[in-house]
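**Q** Got a structure for you, written out below as C-alpha cells; questions coming shortly.
Every number in this text was worked out from the coordinates using simple rules, so none of it is lab data. Everything quoted here is computed from the prediction, not taken from an experiment. Virtual Cβ from ideal backbone geometry, glycine too; neighbours counted across all protein chains shown.
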Amino acid sequence: MSLNVKIIMFMLMCMTGCQKHIVEANVREAYIEKLETNQIYKITCKEEINKIVYNVNSSKREFCIFIPDVKVVLIYRDNKKRIILINGNKFKIDGITYVSSDKIWEKQFN
C-alpha cells in the first residue's frame, strides 16, 4: 500500500472513531433557529435539553455533506456556547459531521 492510501485510511479511521461525550451535559439553555423562516425558540426545560444532549452524545461520526436547515446554540452554565447545524438526522459540531439513529431531531424541531 502506498503512503497516501495509508494516510487516507488513518484519517478515515480517526474520523469514525469513538467519542463518548460530544457535548457536555451542563447546558443551561438552548436556542433553536429554523434557518428557512428565521424563527427562534428558546428552551430552558431541563428534560428537553437532556434529550438534545443525549441524542448528540449517542450519535456516530460519519463523513457526509449537507445543507443545514436548523441551527441549535447550546449555552452552558459558564456562558460557553456550542453551535450545532442540523438537517434531518445529520448534524455538524465543530466541523465534524455526526448521524443520529433516532429521529428525535425531526420530532423536536418540526
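**Q** Net charge near residue 62: determine it from the other residues with C-beta under 13 Å of the C-beta of residue 62, scoring Lys and Arg +1 and Asp and Glu -1.
**A** Result for the local shell: +4.
**Q** R0 = 25 Å: FRET efficiency of residue 81 with residue 101, Cβ-based, nearest 0.05?
**A** With a Förster radius of 25 Å, E is 0.40.
**Q** Dipole magnitude of region 17-69 about its Cα centre, charges +1 at Lys/Arg Cβ and -1 at Asp/Glu Cβ only, in debye to the nearest 20?
**A** Value, rounded to 20: 220 debye.
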